[in-house]
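Colleague: Dropping the structure in here first, questions after.
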Amino acid sequence: MIKKSLLITSLVISSSFSLGLDDIVHSTFNESYDLQKLEKSIAIADQDVALAKTWSNPVLSIGANDVQFNDTFSRDKEPMQATYVAITQLIPINGKLDYETQIASENKKIAQMDLENKKLKLASLIYQYGYESIITQKKLELLQRYEQNTQELETIALSLYENSKVKQVFPLQVQLLNSKLQLQKENLNFRLKSLVLKLEQITYKKDLKLDETLSIDTPYEVIQNLSEHPVIKSIEYAKGKFDTLAKLENAKKYSDLKVSLGYFARDAKYTDYVNLSFSMPLPLYGRENINVAKAKYQSAMQEDELEKTKIEFENNFLILKQQMQKSYANYKNLSTSIIPQREYIQQNLESHNALGHANSAELLTNINEIISLEILSLDELENYFSAYAKIKYFTGTVQ
């Protein structure tokens with residue numbers, strides 16, 4: 001008798017490894033060089049905020065005027081000769097420093113959203129590769145069980161042939177079935193190794209072992225919180241930045257004021273004096289108006305990008321949700337209806353075989369069909385969890 005292969009009747013798959021995907025995700029967040037690089041960019045943005053609040057350094061000038069070439073060190077030839085010390089300070093006016101601080105703060109928020117978005121992408125990939133690895137391992141286990149069965153069937157087929165109960169083609173067909181299973185196993189082994197390598201690459205972990213239970217007794221509920229997704233928030237912050245930039249460029253019509261104060265020391269027979277001056281560029285040629293228009297166009301571009309991204313994210317979310325629903329329905333149908341019917345047929349065929357009334361072609365056809373259906377059911381389970389891993393990104397949540 002052929003041993004009946006195990007059918008997965010409950011929607012549960014477990015691996016025999018040692019680390020859960022949630023643990024791997026959170027561990028990777030702490031170890032990823034990509035994330036560490038983005039965290040440093042936030043620290044840099046923090047410094048930019050502090051820099052934007054700070055006035056530019058004053059300029060100190062020390063010198064002497066009206067130096068005589070024929071008597072270089074003489075400072076009493078005429079009243080204009082003086083040695084001076086002066087300080088010049090640029091004073092921001094019209095709220096420009098506040099606008100620059102606000103722009104730097106928006107850049108920091110964008111950097112923070114880049115970090116959160118990278119985390120979402122990384123988590124989604126880890127779950128995807130993890131789920132696919134676990135189910136690929138399950139496919140291998142399934143084929144190994146069938147391989148044991150078909151090897152026993154090959155022994156039976158040879159015995160039946162030797163006793164002239166079946167034609168020679170029957171044992172040959174069983175051998176071909178075993179060869180086909182070997183090819184499928186090789187392909188699955190290669191895929192499993194590739195998935196593990198991909199997982200190790202993004203998690204920075206070698207010899208990674210998984211310990212995860214995949215259960216979909218009922219379909220997972222997925223909810224999209226589009227307004228809080230880091231990509232959406234990042235575009236909103238970028239739009240806000242360009243809106244503020246337009247205000248800054250408009251404020252530049254009143255340029256920062258340059259104040260200079262100098263003390264001039266003259267010869268004892270003359271009186272020392274102080275020089276005070278104010279200077280600022282005149283906005284005569286409209287450069288500020290051009291920059292205001294540019295900033296407004298950039299803000300409008302971000303508004304267009306925001307609407308486009310919202311549509312893309314909503315559509316991708318719906319497509320993946322439909323994929324989950326379709327795969328769940330197909331898996332449920334295969335595991336609870338179609339495969340059990342095929343297994344019932346197999347039991348009857350095996351009973352006939354035990355009584356010596358074997359129908360070799362029908363027996364082989366049914367075994368092939370069961371193998372194909374069980375692999376198909378695992379394909380649907382993989383499609384479900386692969387879509388679930390991808391949809392995690394579009395929900396805007398790691399878990």
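Colleague: Hey, can you tell me all the residues within region 236-280 that are in contact with a Ser or Thr (Cβ under 6 Å, 6 or more places away or on another chain) and over 30 Å from Gln81 (Cα atoms)? Write out each step before concluding.
Modeller: Our first condition is that a residue be in contact with a Ser or Thr (Cβ under 6 Å, 6 or more places away or on another chain); within region 236-280, this holds for 239, 242-243, 258, 260, 265, 277, 280.
Of everything in region 236-280, those that are in contact with a Ser or Thr (Cβ under 6 Å, 6 or more places away or on another chain) and over 30 Å from Gln81 (Cα atoms) turn out to be Lys239, Phe242, Asp243.
Colleague: Return the residues of region 263-292 that are small (Gly, Ala, Ser) and surrounded by 13 or more Cβ atoms within 10 Å (Cβ to Cβ); say none if nothing qualifies.
Modeller: Hit for region 263-292 is Ala265, nothing else.
Colleague: Here's another thing I want to ask about it. Can you pull out every residue in region 222-237 that is of a type in the set (A, V, I, L, M, F, W, C) and either under 15 Å from the mean Cα position of the chain (by Cα) or surrounded by 20 or more Cβ atoms within 10 Å (Cβ to Cβ) (or both)?
Modeller: Answer for region 222-237, where residues must be of a type in the set (A, V, I, L, M, F, W, C) and either under 15 Å from the mean Cα position of the chain (by Cα) or surrounded by 20 or more Cβ atoms within 10 Å (Cβ to Cβ) (or both): Val231, Ile232, Ile235.
Colleague: Which residue is modelled with the highest pLDDT, if the candidates are limited to region 354-397 and must be among the hydroxyl-bearing types (Ser, Thr, Tyr) and farther than 30 Å from Val231 by Cα?
Modeller: This residue is Ser377.
Colleague: While we're looking at this one, here's another question. Taking the condition of being without any contact (Cβ under 8 Å) to a residue 60 or more places away in the chain and part of a helix (DSSP H, G or I), how many residues in region 264-321 meet it?
Modeller: 22
Colleague: Residues in region 90-97: is at least one touching a helix residue (DSSP H, G or I) at 6+ places or on another chain (Cβ under 6 Å), part of a helix (DSSP H, G or I) and touching a residue at least 24 places away in the same chain (Cβ under 8 Å)?
Modeller: Taking every residue of region 90-97 in turn, at least one turns out to be touching a helix residue (DSSP H, G or I) at 6+ places or on another chain (Cβ under 6 Å), part of a helix (DSSP H, G or I) and touching a residue at least 24 places away in the same chain (Cβ under 8 Å).
Colleague: Only one of Thr136, Thr155 is among the polar types (S, T, N, Q), assigned to a helix (DSSP H, G or I), at pLDDT below 95 and crowded, with 20+ Cβ neighbours inside 10 Å. Can you tell me which?
Modeller: Of Thr136, Thr155, the one residue that is among the polar types (S, T, N, Q), assigned to a helix (DSSP H, G or I), at pLDDT below 95 and crowded, with 20+ Cβ neighbours inside 10 Å is Thr136.
Colleague: In addition: Of the conditions (1) under 41 Å from the mean Cα position of the chain (by Cα); (2) free of Cβ contacts under 8 Å to residues at least 12 places away in the same chain, Phe69 clears all except one; give me its number.
Modeller: (1)
Colleague: Quick test of your reading of the structure: Ile93 fulfils all but one of (1) in contact with an Asp or Glu (Cβ under 7 Å, 6 or more places away or on another chain); (2) surrounded by fewer than 16 Cβ atoms within 10 Å (Cβ to Cβ); (3) at pLDDT 95 or above. Name the failing condition by number.
Modeller: Only one criterion is unmet by Ile93, namely (3).
The values are calculated or read from the model by the stated rules, or taken from the named source; none is laboratory data. Since the structure is predicted, the reported quantities are computational estimates derived from the model, not experimental observations. Neighbour counts run over all protein chains shown; Cβ positions are idealised from the backbone, glycine included.
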